[in-house]
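Structure record follows, encoded as structure tokens.
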Amino acid sequence: MRRICMDYQAGVPTDPRVLEAMMPYFTETFGNPSSPHQFGQETKTAIDHARSKVAELIGAKKVGEVIFTSGGTESNNLAIRGVAHRNREKGDHVITTKIEHMSVINTCKSLQKEGFKVTFIPVDKYGIIDLERLKSEINERTILVSVMYANGEIGTIEPIREIGSICHDRKVYFHVDAVAAAGKIPIDAERENIDLLSISSNDMYGPKGVGALYIREGTGIVPVIFGGGQEKGLRSGSENIPGIVGIGKAAEIAKNEMYSESRRMVELRNRLINNIIRDIPHSYLNGHPTERLPSNVNVRFSYIEGESLILSLDMEGVAVSSGSACTSKTLEPSHVLLAIGLAHEEAHGSLLFSFGRQTSKEDVDYVSGILPDIVKRLRAMSPLTPKEELG
Amino acid sequence: MGEIPDADGVGTVGNPICGDMMQIFIKVKDNRLEDVKFKTFGCGAAIATSSMITELAKGKTIEEALKITRADVADALEGLPPIKMHCSNLAADGLRVAIEDYLKKKEASK
């Protein structure tokens, strides 16, 4: 049977070119970059090279503004906790949004337990942050604003440049979780007035277990992991050399191919959205129609539930994910879908199709072809479907 | 699967806000469940338990059918993941509500 993955948001294969670049660093080149001898200097050179590639991808002015971590979650923890703890004497107020990744939301909640005040700004029906509300919430105790570059679930891209300029004017640090955006759309940390920016390797076809945090020179931050003082003292622990080489190569490829790949993806994305909305009654796009990640399609179907859709598609060889409670550990539907104003049953009936480098037009047409019958069958089974819809 | 248009009893349990809702329809003849059908909004486990209860209940007397428990449904499916035991395993409740509906209607028509 044909197997099609449209769940790249959940996991991405390592690009073979990345793997090839990494291989020598498992067996041949193994020195500790802190060592002054040749073995050490070889790996130090490799790390410096990877750092420069990541810096280029995200528009860092200086290569030294990038440090390596174990992934997006650690980068978000370090950025938020590190800035909050370092600047406590200046203030105790952090602002973020209601649609952040859990690694931002739960880090902010942990700060609340330590006595910090956290404001979760609402978003509109497309998932765009309310800028006026942001301006009005910043006060003299505010030290940090954390907003994601783009939301991986509904695909919405936030007005980062505007937020950056607001934070710059009000002299508040600005952290951006760019895990879902990096490598897919252009990012310019320097020009967009971003002070801290988190990225993850796997989301851009690098190996799992590696990430990076951009920290603008002069930003007040303390570490959350202590030890031998690697990565300018901000991330102790012997460097994950193969992983760092991998994220560097992944960043290089992503930058080189971004223009052509994003054009291709936007075409596929719009094709799938148009097919679904045209062929399936009572189907609606979640997220913004144009301010949207090229690889993201999130659609809701009235009267049916997401997990039954996932299982039906899985039987046809197609992998997708959903905002349904049944696929989460908490049994609560996605906080992102609730934040854009969907009712619980609408959130339960939402599906996320996320594309990757392997996704083809044939894949999109295959999925567009099988989906209407699946939806029809599940609707016939659902007590919520009005009789006149069944026909 | 589906609806029984002239059902003798209907049981609706769960609610779409939680992500699982089902309706069980029964047709009764000579104190036996002649036919049992379902409609379900919910995840795979919810659909599986609804389908299984129709298998388990069909042909049984009212008294026998009332004895079917959530555990019986889960066992017949050879187990359910723990997280699904509570939220999606509503079918036995749905059948009981449908039978109560039937008994109430029968009482009223006397």
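Local charge sum around residue B:64 (other residues, Cβ-Cβ under 15 Å, Lys/Arg +1, Asp/Glu -1)?
Numbers: positive: B:29, B:32, B:58, B:60, B:67, B:96; negative: B:30, B:34, B:55, B:63, B:72.
My count for the surroundings of residue B:64 gives +1.
Distance between Cα centroids, the stretch A:250-327 to the stretch A:351-388: provide it in whole Å.
The stretch A:250-327 and the stretch A:351-388 have Cα centres separated by 10 Å.
Along the charge dipole of the protein assembly as shown, Cβ charges K/R +1 and D/E -1, which of A:275, A:289, A:352 sits furthest on the positive end?
Going by the Cα projections, it comes out as A:289.
What does the charge add up to near residue B:108, with Lys and Arg as +1, Asp and Glu as -1, over the other residues with Cβ less than 14 Å from its Cβ? Please report the intermediate quantities before stating the final value.
On the way: positive: B:104, B:105, B:106, B:110; negative: B:8, B:100, B:101, B:107.
That works out to 0.
Quick check on the stretch A:195-316: take the gyration tensor over C-alpha atoms, sort the square-rooted eigenvalues as a ≥ b ≥ c, and tell me if it's rounded (a/c under 1.5), prolate or oblate.
Details: a/c = 2.50, a/b = 2.22, b/c = 1.12.
Verdict is prolate for the stretch A:195-316.
Let a ≥ b ≥ c be the square roots of the eigenvalues of the Cα gyration tensor of chain A; is it rounded (a/c under 1.5), or, if not, prolate (a/b larger than b/c) or oblate?
Working: a/c = 2.21, a/b = 1.40, b/c = 1.58.
Here chain A falls in the oblate category.
Mean residue ellipticity at 222 nm from the helices of chain A, using -39,500 (n - 2.57) per DSSP H segment of n ≥ 4 over the full residue count, to the nearest 500 deg cm²/dmol? Can you show the working numbers first?
Values: 13 runs with 161 residues, N = 391.
Rounded to the nearest 500, it is -13000 deg cm²/dmol.
Take the cross-link list B:60/B:110; A:208/B:84; A:98/A:255; B:29/B:110 and give me the ones stretching past 21 Å between alpha-carbons.
Numbers: B:60/B:110 24 Å; A:208/B:84 30 Å; A:98/A:255 30 Å; B:29/B:110 16 Å.
Over 21 Å apart, Cα to Cα: B:60/B:110; A:208/B:84; A:98/A:255.
Rg and Dmax of the stretch A:1-123 over Cα atoms: what are they, in angstrom?
19.6, 61
Pick from B:55, B:100, B:63: which residue has the top mean-square fluctuation in a GNM of chain B where Cα pairs under 10 Å get a spring?
B:63
Once you have the Cα-Cα distance between residue A:102 and residue A:168, take 0.36 nm times their residue separation minus that, and quote the gain in nm to one decimal. Don't skip to the end; give the middle numbers.
Working: separation 66, 0.36 × 66 = 23.76 nm, distance 2.57 nm.
Difference between extended and current length: 21.2 nm.
Determine one quarter of the surface area of the Cα convex hull of chain B, which equals its mean projected area, and express it in nm² to one decimal.
Working: hull surface 26.0 nm².
So the Cα hull casts an average projection of 6.5 nm².
Counting only other residues whose beta carbon sits under 10 Å from that of residue A:305, what net charge do I get with K and R as +1, D and E as -1?
Details: positive: none; negative: A:307, A:345, B:20.
Overall, the nearby charge balance is -3.
List the GluC sites (Glu not before Pro) within the stretch A:167-267 that DSSP assigns to loop and that have no more than 13 neighbouring Cβ atoms inside 10 Å. Write out the running numbers ahead of the final one.
Working: sites: A:190, A:192, A:217, A:231, A:239, A:252, A:257, A:261, A:267; in loops: A:190, A:192, A:217, A:239.
Answer by residue number: A:217.
With +1 on each Lys and Arg Cβ and -1 on each Asp and Glu Cβ, how big is the dipole of the stretch A:102-186 about its Cα centre, in debye rounded to the nearest 20?
Working: 11 positive and 11 negative charges, 38 e Å.
I would put it at about 180 debye.
Report the Cα centroid-to-centroid distance between the stretch A:1-77 and the stretch A:137-189 in angstrom, as an integer.
So the separation of the two Cα centres works out to 24 Å.
Dipole size in debye (nearest 20) for the protein assembly as shown around its Cα centre, Lys and Arg Cβ +1, Asp and Glu Cβ -1? Kindly include the intermediate steps, with their values, before the conclusion.
On the way: 60 positive and 67 negative charges, 105 e Å.
Approximately 500 debye in magnitude.
Coordinate-derived values only; no laboratory data. A quick note: this is a predicted structure, and the numbers were derived from the prediction, not measured. Glycine gets a Cβ as well: all are built from the backbone with ideal geometry, and neighbour counts include every protein chain shown.
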